[in-house]
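The values are calculated or read from the model by the stated rules, or taken from the named source; none is laboratory data. Here the structure is a predicted model, which means the values were calculated and not measured. Here the Cβ positions follow ideal geometry from the backbone for every residue, glycine too, while neighbour counts run over all protein chains shown.
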Amino acid sequence: MKFSWRVALLWTLPALVIGFFFWQGAFASAPADMSKNTASTRMTYGRFLEYLDANRVTSVDFYEGGRTAIVEAFDPGLDNRVQRVRVDLPASAPELIIKLKQKNVNFDAHPMRNDGAIWGLLGNLIFPVLLITGLFFLFRRSSNLPGGPGQAMNFGKSKARFAMEAKTGVKFDDVAGIEEAKEELQEVVTFLKLPEKFTAVGARIPKGVLLVGPPGTGKTLLAKAIAGEAGVPFFSISGSEFVEMFVGVGASRVRDLFKKAKENAPCIIFIDEIDAVGRQRGAGIGGGNDEREQTLNQLLTEMDGFEGNTGIIIIAATNRPDVLDAALLRPGRFDRQVTVDAPDIKGRLEVLQVHARNKKLDPSVSLETIARRTPGFTGADLANLLNEAAILTARRRKEAITLLEIDDAVDRVVAGMEGTPLVDGKSKRLIGYHEIGHAVVGTLLKDHDPVQKVTLIPRGQAQGLTWFTPNEEMGLVTRSQLRARITGALGGRAAEEVIFGKAEVTTGAGNDLQQVTGMARQMVTRFGMSDLGPLSLESQQGEVFLGRDWTTRSEYSDSIATRIDSQIHDIVDECYENAKKIMREQREVCDRLVDLLIEKETIDGEELRQIVAEYAEVPDKSQFVPML
């Protein structure tokens, strides 16, 4: 356990206070002679006077300035033996001394010792010294902690991490799958290393580069690669680190950041998640946040203001470019906007090759096969995929990652953890027909994506899954493909109704119906694929701070809204009837496939197509990307 001076001091200070009071109580009023100032019994002052009148007192010793006395007297109850008793004397008894002289009693006054005063003086001096020393060390230690008392004077200073020579351990060779973005940024590195190559022809160094793309595509990794390649001073900070609760602190931090950058020019400033500080000004109910807007204004001025910032390149990353202020995006501030999108099949293969360097793969594993099976995966998804496969390999005590671990890792990343297999029964057979309904309809529709596999192994919230292989090479989707996807999504509900009847239809198609309704609405309102004509009836813009769905407003009349609902209903109904027709015609093959699925729990797409081909003509889907 790591020792903490701060915790030790917090416990020490209360101990010092308690010890001080014990010290005062123990030594401040120490008696003069503890050996003589003792007696086994006590006697009242009145009885002491009676003994004095009866000539029974032999000697008296006064202590504590005359407040107490130790008396030696003959006790008649003890056969007149001499007894030492303690007597508390009144505050003023001047007649006592006269009476003692009259009775010829020996008496003596013992002065008080000064030990208590000395210890009290030492305690009064030592305790404040220890207290001040402890507080000094406490504040000195806490001043080095983030947000500690010592940081009050540095509140407006920049929190950017600075590296004179950024050794991130990442080079451009370690970044794969985004070649276009790498080319754009390699020019920035060349600008920093060989500026004369560009200035000779009148080119000027770009002031800012904005990296835009979905999460996990490698924007921050690219910034690390630039820092590792350029060999110039590198500042890195997050957009949220500028803004505090006090107005003006963010602007002060921006000024301090650019002041340090100008002192170390040429250099690079990397601002991650810039949308935290660069959002549109004056948006939302009641205006914007004054602190955030002042910070953005200062950032705009520093990037391209009256003074300029020659030799400083700002690289920013965001996955929300739609919320950024227009003044931030203009040339002169962010001269380049580099889109970092999800990689294609070639890019995924390159990413897999990078992340497989430190993985022990079985010779039978083909990275190209994995790349084809993971359309839409980002670089972070692929890295997580291989890591999950490695974890499964270690859990199963294998020496190398095989294709089985890759398959299970893909399913786990996409759909969730594997659940407990279903017990044979009516529920399992019903789910089997639901999934086979998706698979058979998707296989027999020419414009539908080919089936990859069907499984009854639960994953996440799904009791069964049907996987399709989308065609990533086709950037545009046709009307027939959209209708085929709607029909395929309704295949599960159609199978339940045809096989078991309307009374046995389950809630398993809930997610399918949401997707179907969304696709049909987009066909009508966005893509103009209905009888309403080529019209875009819904705007895709909304208030970015209030929620897009909440602020969406109708841009058409009530009569058009009624027609939109009617068109959506017609599209879904037509596709549903088509799915039920296929189920009625292919009842025999569905029964065979369900029996096989219950027995094996998973059917491969190629095996499924071969069985369906025995009962019906399977359309050629060579336009789709084949599975290896």
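Just a few scattered comments:
- Segment 306-327, residues that are over 27 Å from the mean Cα position of the chain (by Cα), within 22 Å of Pro266 (Cα to Cα) and surrounded by 14 or more Cβ atoms within 10 Å (Cβ to Cβ): Asn309, Gly311, Ile312, Ile313
- Residue check for Glu388: touching a Ser or Thr at 6+ places or on another chain (Cβ under 9 Å), part of a helix (DSSP H, G or I) and either at pLDDT below 90 or within 23 Å of Ala462 (Cβ to Cβ) (or both): no
- Among the candidates Val254, Val249, the residue that is more than 20 Å from Thr339 (Cα to Cα), of a type in the set (Val, Ile, Thr) and crowded, with 23+ Cβ neighbours inside 10 Å is uniquely Val254.
- Residue count for segment 374-431 under the criterion of being within 21 Å of Thr217 (Cα to Cα), charged (D, E, K, R) and in contact (Cβ under 8 Å) with a residue 60 or more places away in the chain: the result is 1.
- Residue ranges of helices (runs of 4 or more DSSP H) in segment 426-520 with at least 3 members closer than 24 Å to Leu404 by Cβ: 426-444
- The set of residues from segment 593-609 being part of a helix (DSSP H, G or I) and either under 24 Å from Asp408 (Cβ atoms) or among the aliphatic types (A, V, I, L, M) (or both) comprises Leu593, Val594, Leu596, Leu597, Ile598, Glu599, Lys600, Gly605, Glu606, Glu607, Leu608, Arg609.
- Selection status of Val254, touching a residue at least 12 places away in the same chain (Cβ under 8 Å), not small (Gly, Ala, Ser) and either not assigned by TED's automatic domain parsing to the domain that holds Ile312 or not in a strand (DSSP E or B) (or both): yes
- Filtered residues of segment 235-250 (kept if part of a helix (DSSP H, G or I) and modelled with pLDDT under 75): none
- Any hit, segment 543-565, residues being among the acidic types (Asp, Glu), farther than 26 Å from Arg584 by Cβ and modelled with pLDDT of 90 or more: yes
- Number of positions in segment 417-468 that are of a type in the set (S, T, N, Q) and either surrounded by fewer than 18 Cβ atoms within 10 Å (Cβ to Cβ) or in contact with a Ser or Thr (Cβ under 7 Å, 6 or more places away or on another chain) (or both): 5
- Residue within segment 345-357 that is charged (D, E, K, R) and farther than 20 Å from Asp173 by Cβ present: no
- The single residue among Ile205, Ile226 that is in the same structural domain as Leu328 (by TED's automatic domain parsing), at pLDDT 75 or above, closer than 20 Å to Ile271 by Cβ and surrounded by fewer than 20 Cβ atoms within 10 Å (Cβ to Cβ) turns out to be Ile205.
- Verdict on Gly347 being over 27 Å from the mean Cα position of the chain (by Cα) and either assigned to a strand (DSSP E or B) or crowded, with 18+ Cβ neighbours inside 10 Å (or both): yes
- Taken over segment 552-587, the criterion of being basic (Lys, Arg), exposed (fewer than 15 other Cβ atoms within 10 Å of the Cβ) and without any contact (Cβ under 8 Å) to a residue 60 or more places away in the chain is satisfied by Arg553, Lys581.
- Residue in segment 315-325 that is part of a helix (DSSP H, G or I), farther than 30 Å from Leu385 by Cβ and either of a type outside the set (Lys, Arg) or touching a residue at least 12 places away in the same chain (Cβ under 8 Å) (or both) present: yes
- Hits in segment 518-533 - residues which are within 34 Å of the chain's Cα centre (by Cα) and surrounded by 15 or more Cβ atoms within 10 Å (Cβ to Cβ): Met519
- Within segment 433-472, the set of residues being under 23 Å from Val413 (Cα atoms) and small (Gly, Ala, Ser) comprises Ala439, Gly460, Ala462, Gly464.
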